[in-house]
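These notes concern the structure reproduced below.
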Amino acid sequence: MFKLTKVIAQNASALSGISKNARLLSTAAVRYSSSTATTNSPSANAIDSNPDEPIQISNPFEKERKVCILCKHNITPDYKNVKLLSQFQSPYTGRIYGRHITGLCKQKQEDVEKAIRRAQHCALMPTYHKDLEFLKDPKLFDPEKPIRPHKY
Amino acid sequence: MPSYELFLVLRQMSRPELVSALKRTAESILDKGGIIRRLQNLGSRALPYKISEQGLVHREGTYFAINFDAAPAKISDLKEEFGRDVDIIRRNVYKMEEPEKYECTLHEEMLPPAYRKDVQDMIEIAKRKQKPKYNYNSGLDYYPFQK
């Protein structure tokens with residue numbers, strides 16, 4: 001019986017403590033709301049001076065703009081420039097590599113294809129193989145690893 | 001007068017013959033009222049493929065490029081004249097045009113399909129082509145159209 005009363009007494013003291021805390025919290029909330037109300041009042045200087053305000057910056061996750069290799073060096077393909085054009089030709093079949101392999105933009109790929117076709121018509125470039133002179137030229141891209149999956 | 005470029009492949013000849021063939025082509029341009037701006041000798045070498053022209057099979061050739069201005073109406077006459085020339089293996093006249101200025105579009109092309117302009121246009125066209133569909137939840141207890 002004595003034990004029970006003791007427990008009740010302890011609980012009561014704890015309860016009173018909680019209620020005290022709650023009162024404290026409520027007063028703090030009132031104080032906080034009053035302070036925010038003062039800052040929300042129309043005074044732009046107060047907001048600017050606040051170091052915790054968010055700063056306007058450009059998107060830090062934005063990726064760098066991709067530019068194709070011919071646009072980067074500002075090259076317009078010419079049909080007489082056979083050494084350049086032969087780099088876009090397959091050494092095995094003489095066919096022109098597609099855009100998914102060359103990694104050129106639409107316009108440049110079109111220009112390159114037109115120039116190669118012209119060069120072949122002018123007997124400057126072979127049609128069924130790559131010129132043996134240019135077989136060991138440095139590679140601009142790897143046909144085994146296209147930048148986009150193949151269309152078919 | 002627009003600018004043109006004549007690309008010539010002449011057959012393998014001795015030097016005086018070559019000079020006379022070149023003179024002939026140049027004079028035919030001048031006779032048509034054209035202006036020759038530049039003449040480039042691109043050297044002689046083995047052709048990348050054999051070419052049969054005027055009843056002969058050619059395996060070697062000499063390359064020339066002539067930049068000239070001429071009236072557009074005269075170009076077909078010039079081509080016809082060069083076509084009859086025995087010494088010329090290949091003759092191609094190309095119009096010289098200033099390359100148009102444009103921005104590289106590779107970045108836009110590499111975006112995922114949903115963000116690409118051409119794909120968005122395609123989706124728009126497909127939506128426009130779709131017929132209006134009858135909704136079965138419109139309250140009618142029968143199908144109002146012929147089945």
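Structure summary
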{"read-out": "Subset of segment B:31-48 that is over 16 Å from B:Tyr63 (Cα atoms) and not in a helix (DSSP H, G or I) - its residue that is most open to solvent (accessible area, probe 1.4 Å)", "value": "B:Arg37"}
{"read-out": "Selected residue (criterion: surrounded by the fewest Cβ atoms within 10 Å (Cβ to Cβ)) from residues of segment A:100-113 that are more than 8 Å from chain B (Cβ to nearest Cβ) and free of Cβ contacts under 8 Å to residues at least 12 places away in the same chain", "value": "A:Glu110"}
{"read-out": "Options B:Ser20, B:Ser28, B:Ser76; residue that is under 23 Å from the mean Cα position of the chain (by Cα), away from chain A (no Cβ under 11 Å) and either assigned to a strand (DSSP E or B) or surrounded by fewer than 18 Cβ atoms within 10 Å (Cβ to Cβ) (or both)", "value": "B:Ser76"}
{"read-out": "The lone exception for A:Phe141 - which of (1) facing chain B (nearest Cβ under 10 Å); (2) modelled with pLDDT under 95 it fails", "value": "(1)"}
{"read-out": "Candidate set: segment B:1-17, residues that are away from chain A (no Cβ under 14 Å), more than 20 Å from B:Ala70 (Cα to Cα) and touching an Asp or Glu at 6+ places or on another chain (Cβ under 8 Å); chosen: the one least open to solvent (accessible area, probe 1.4 Å)", "value": "B:Met13"}
{"read-out": "Number of the exception - B:Arg91 against (1) assigned to a strand (DSSP E or B); (2) at pLDDT 95 or above", "value": "(2)"}
{"read-out": "Lone qualifier among A:Thr127, A:Thr102 - being among the polar types (S, T, N, Q) and either in contact with a Cys (Cβ under 8 Å, 6 or more places away or on another chain) or within 19 Å of B:Pro48 (Cα to Cα) (or both)", "value": "A:Thr127"}
{"read-out": "Exclusive hit being part of a loop (DSSP other than H, G, I, E, B), surrounded by 10 or more Cβ atoms within 10 Å (Cβ to Cβ) and of a type in the set (D, E, K, R), set B:Glu103, B:Glu81", "value": "B:Glu103"}
{"read-out": "Hits in segment B:79-98 (condition: in contact with a helix residue (DSSP H, G or I) (Cβ under 8 Å, 6 or more places away or on another chain) and facing chain A (nearest Cβ under 9 Å))", "value": "B:Arg90, B:Asn92, B:Tyr94"}
{"read-out": "Among (1) free of Cβ contacts under 8 Å to residues at least 60 places away in the same chain; (2) over 23 Å from the mean Cα position of the chain (by Cα), the one test that B:Thr62 misses", "value": "(2)"}
{"read-out": "Residue among B:Phe68, B:Phe64 that is buried (at least 19 other Cβ atoms within 10 Å of the Cβ), away from every other protein chain (no Cβ under 14 Å) and in a strand (DSSP E or B)", "value": "B:Phe68"}
{"read-out": "Residue list for segment A:114-129, filter: in contact with a Phe, Trp or Tyr (Cβ under 8 Å, 6 or more places away or on another chain) and open to solvent by less than 30 Å² (accessible area, probe 1.4 Å)", "value": "A:Ala115, A:Ile116, A:Ala119, A:Cys122, A:Ala123, A:Leu124, A:Pro126"}
{"read-out": "Out of A:Ile147, A:Ile69, sole residue that is touching a Leu at 6+ places or on another chain (Cβ under 7 Å), open to solvent by 50 Å² or more (accessible area, probe 1.4 Å), β-branched (Val, Ile, Thr) and over 26 Å from B:Ile88 (Cβ atoms)", "value": "A:Ile69"}
{"read-out": "Considering residues of segment A:74-98 that are more than 15 Å from A:Arg117 (Cα to Cα) and without any contact (Cβ under 8 Å) to a residue 24 or more places away in the chain only, the residue nearest to the chain's Cα centre (by Cα)", "value": "A:Asn74"}
{"read-out": "Selected residue (criterion: surrounded by the most Cβ atoms within 10 Å (Cβ to Cβ)) from residues of segment B:49-58 that are of a type outside the set (A, V, I, L, M, F, W, C) and within 14 Å of chain A (Cβ to nearest Cβ)", "value": "B:His58"}
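The values are calculated or read from the model by the stated rules, or taken from the named source; none is laboratory data. As the structure is a prediction and not an experimental result, all values here were calculated from the model. Ideal geometry is used to build each Cβ from the backbone, glycine not excepted, and the neighbour counts take in all protein chains shown. Calculation scope for accessible area: heavy atoms of the full protein, side chains included, ligands and nucleic acids excluded. Shrake-Rupley method; radii C 1.70, N 1.55, O 1.52, S 1.80 Å.
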